[in-house]
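Data block below; observations after.
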Amino acid sequence: MKAKNQRLFLIILAAVAMLGAVVLAMSGLKDQAAYFYAPSDVLRNPPALDRDVRLGGMVRKGSVKKLADGVTLRFVVEDERHAIPVEFKGIVPDLFREGSGVVAEGKFVTPDQFVASNILAKHDERYMPPQMAGDKHKTGRVS
Amino acid sequence: MHAYANPARFLKIARPLTGLLGLVGGTMLILCVAYGVLFGPADYLQGETVRIMYIHVPAAWLGMAGWSGIAVASAMQLIWRHPLAGVAGRACALPGAVFAAICLATGSIWGRPTWGTWWEWDGRLTSMLVLFFLYLAYMALSRAEREADGETSGEGRMTAIFGLIGAINLPIIHYSVLWWRTLHQGQSISVMKGSSIDASMLWPLLGAAVGASLLFGAIVLMRMRAELADTKLEMRMRRLAAL
């Protein structure tokens with residue numbers, strides 16, 4: 001084999017080995033590297049109570065209620081299979097809307113009640129002018 | 001490619017190409033970003049903050065394209081010993097790092113009003129930060145290796161190997177939003193599925209990306225010419241010193 005081809009072969013071999021290692025490592029990391037728990041993960045594998053976790057999903061439409069004290073919000077985070085009630089006291093980001101994505105940082109106080117200490121809004125991959133969105137994507141603004 | 005191995009022949013083409021790419025790319029970038037920022041539509045959810053996308057997305061693409069360039073150049077250097085490959089790889093590092101930094105900074109500024117946080121350690125943000133650090137490491141390594149080789153005017157083989165290994169981060173950045181749940185939104189533009197960005201925002205965005213790419217090409221050529229001139233100067237000095 002010519003030296004040039006030998007080097008080409010070696011580098012391709014090294015690249016394949018590296019790629020394999022990374023794919024293995026990344027799929028192994030899959031659960032650890034996830035940024036948040038989805039409600040169905042919680043159903044499958046509930047995190048310990050009083051452990052700091054992030055819960056992410058969609059804010060169920062019509063579920064956001066402001067309590068009488070004026071600063072506490074109650075809403076439901078859901079995905080296709082499960083829904084979890086969340087309580088949060090504080091100021092939410094602008095993009096926190098019903099029907100939109102949300103990531104709540106906090107703790108489960110009981111297996112069916114999450115208390116958030118911080119709320120992050122998750123934006124999806126759709127970008128469009130308001131007139132385009134029309135009624136199709138209209139989401140409730142939380143005032 | 002070996003036709004351009006001769007620096008004289010390369011320079012003959014690179015010299016006029018630098019200005020052409022810089023001029024066309026710069027004009028395109030400025031026009032498209034200005035259009036997007038001043039006249040483009042606001043987003044139905046994000047409102048005006050969407051406009052930062054016209055800088056953020058091209059910067060992210062070029063941050064990654066820069067390392068792709070390093071990887072290709074490194075492979076050409078290691079396999080075919082192309083004499084200009086090392087020069088090209090090193091020339092990609094600084095502009096790549098700058099674009100990666102712009103991507104991180106604009107993303108952070110966008111994240112504060114949109115997500116409600118400046119920074120979160122999610123898969124996409126973390127892997128992009130790693131890319132930025134890889135650029136810094138690459139630049140430090142190439143400088144150190146050049147200094148260590150000194151007289152022998154080494155080929156920078158360690159740097160090239162590092163350039164190849166670092167490329168492993170590119171698929172991780174790209175697939176981070178697919179493999180893991182991240183705060184960062186999923187991909188909006190895909191070859192297979194088209195775009196979930198409305199056409200009124202997509203076209204200025206693509207224009208800005210093409211413009212920034214041409215500008216990137218101009219910067220790389222400029223830096224390659226500078227390094228070749230440096231080497232030439234050094235050789236001449238050495239010859240003079242030997243007299």
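Please treat every number below as a calculation from the coordinates, not as lab data. The structure displayed is predicted, hence computed values, not measured ones. Ideal geometry is used to build each Cβ from the backbone, glycine not excepted, and the neighbour counts take in all protein chains shown.
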| request: For the protein assembly as shown, please report how many Lys pairs fall under 14 Å Cα to Cα, leaving out neighbours fewer than 8 apart on the same chain. | output: 5
| query | Counting only other chains, what is the mean number of Cβ atoms within 10 angstrom of the Cβ of each residue in peptide B:43-52? | reply | 5
| query | the range B:175-243: D in µm²/s via Stokes-Einstein (Kirkwood Rh, Cα pairs, 10 °C, 1.306 mPa s)? | reply | 97
| said: Counting only other chains, and only Cβ atoms inside 10 Å, what mean value do you get across the residues of A:11-21? | reply: 2
| said: Counting C-alpha atoms alone, how compact is the range B:51-94: give Rg to one decimal and Dmax as a whole number, in angstrom. | reply: 13.1, 44
| request: Would you calculate a helix-derived [θ] at 222 nm for chain B, using -39,500 (n - 2.57) for each DSSP H run of n ≥ 4 and dividing by the full residue count, to the nearest 500? | output: -26000 deg cm²/dmol
| query | Rounded to two decimals, what is Rg over Rh for the range B:100-243 when you use alpha-carbon atoms and the Kirkwood radius? | reply | 1.10
| task | Could you pull the Rg and Dmax for chain B, using just the Cα atoms, both in Å? | result | 20.0, 72
| task | Using DSSP to define loop residues, name the trypsin sites (Lys or Arg not before Pro) in the range B:148-243 whose beta-carbon has at most 14 other beta-carbon atoms within 10 Å. | result | B:LYS193
| said: If you scale each eigenvalue of the Cα gyration tensor by 5 and take the root, what three semi-axes come out for the range A:39-133, rounded to whole angstrom and sorted largest first? | reply: 23, 17, 11
| message | Under a crude label model (7 Å from the Cα following the beta-carbon direction), how far is B:ILE161 from A:LEU49 in nanometres? | response | 5.5
| said: For the protein assembly as shown, what does the convex hull of the Cα positions come to per residue, in cubic angstrom? | reply: 175
| said: If you fit an axis through the alpha-carbon atoms of helix A:3-33 and take the longest principal axis of the Cα set of chain A, what angle between them do you get, 0 to 90°, nearest 10? | reply: 20
| message | If I fit a long axis through the Cα atoms of helix B:123-149 and take the longest principal axis of the Cα atoms of chain B, what angle between them do I get, 0 to 90°, rounded to 10? | response | 10
| field | Average other protein chain Cβ within 10 Å of Cβ, residues B:113-122 | value | 6
| field | A:ARG81/A:LEU8 FRET efficiency (R0 41 Å; Cβ-Cβ; nearest 0.05) | value | 0.25
| note | A correct Kirkwood calculation over the Cα atoms of the range B:72-178 returns a hydrodynamic radius in Å of 15.1
| request: Report the antiparallel proportion of the DSSP beta bridges in chain A as a percent, rounded to a multiple of 5. | output: 85
